[in-house]
Amino acid sequence: MSNTGRFLVVMAAIVAVLWWALAAQQQERHAGEPVRVSSVLGEGDTAGFELADPDYRLVFPADHGPHPDFRTEWWYFTGNLMADDGRHFGFQYTIFRFALAAEGADRASPWATRQIWMGHLALTDVAGERFYRVERFARGGRIGLAGATSEPFRVWLDDWAMGSQQDSFLPLQLSAQDADFGIELLLADGVGPVLQGDQGYSAKGPGTGNASHYYSFTRLDTLGRVRIGSEDIEVTGQAWLDREWSTSALGPGVNGWDWFALQMSDGADLMFYRLRRADGSPDPLSAGLIVDPDSSPRRLSSADARMRPTRYWTSDETGIRYPVAWRLEIPGEALDLQVEALLDAQEMALSVRYWEGAVRITGSRGGGAIEGFGYLEMTGYEED
């Protein structure tokens, strides 16, 4: 994503959701072929929807909540967690909202809705070399199967929920259970909100409005438990929240993206995404941000980063080949990192096929050794 590259996942998911809403009308995953990211680049009628505004300034707590006048939005959590016995777990927990049409007058039926909600939940068991994933859909509307509020903050999809525990936004409780695995986590105050792009306006394509409103909490102290089967495991660690809403699509010629969210041992956090064009070159709108604990966040442009894959993995399930190890350099920050998957098989082969998983980082900054953990997301490799 995104994280800004995450807009592509959402645009692809819109097509999957539309198929589901029209053909199934049930709260279950569709059985059709997964949607290719490139099939929806630049597509979609934006009439009646609000567009991102470069003059808008984010307002909290209101902007923690829903934005139904925009076509898409998401609350996107990732993190690395440790058990007392040293076992390492990664998690991803996301709830997406999709508008099938622009908002209009309310209809009488409590089932009537223009909003469809989708949830993705994943858990990486590094020592057990297992990756768990699941997807859910639900309707919005007055029936209350899914929705969001800003005060108090709460987002839910059936019995999956994320919400504030006090009058303030933080701490947050994340709760999601499936038959084989689940999470119950409490996220305490941390680093954020960090405004991505230009004061929260993150350009996606040429022209005004081809953008999202985007902010992050880059480091949130986390504790709670994960469940695998019947085993509950107490964990602590660090989480990352990306929050984004938008309407319009990216410019033409982008196949996918590579997105890094990294928490380093010196206390700094790095987000960088490369929008990847059809010829493999980075799109000029690729960008990022570095957050030091003792200074203001600094924006990074496409020219500020050098990155190249150093190892690949091919999925037995989909046949897609992903780069699961990278060399990432930010010369202006004297930063040179090696980023490698903690488990190669962290592919989200759901309505949309993408790779998202926990990674380890090693390297140097300013001549000193550095390490840490983070998350890597990659899409569009089925088109390469």
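Taken together, the values in this text are just the output of simple stated rules run on the coordinates, not laboratory data. In this text, all values refer to a predicted model and were calculated from it rather than measured experimentally. All Cβ positions, glycine included, derive from the backbone under ideal geometry; neighbour counts span all protein chains shown.
Here are some notes:
- Residues whose amide H lies under 5 Å from that of Arg353, counting only those 5 or more places away or on a different chain, are Val35; hydrogens are built 1.01 Å from N in the peptide plane.
- Under conditions of 10 °C and 1.306 mPa s, segment 240-335 yields 105 µm² s⁻¹ as its translational diffusion coefficient, taking Rh as the Kirkwood radius over Cα pairs in the Stokes-Einstein equation.
- Whole-Hz ³J(HN,Hα) from phi, Karplus 6.51 cos²θ - 1.76 cosθ + 1.60, for segment 123-138, glycine and proline x: 9, 9, 9, 5, 5, x, 6, 10, 10, 10, 8, 7, 9, 9, 10, 7
- Cβ crowding within 10 Å averaged over residues, with 209-220, 358-369, 232-243 ranked highest first: 209-220, 232-243, 358-369
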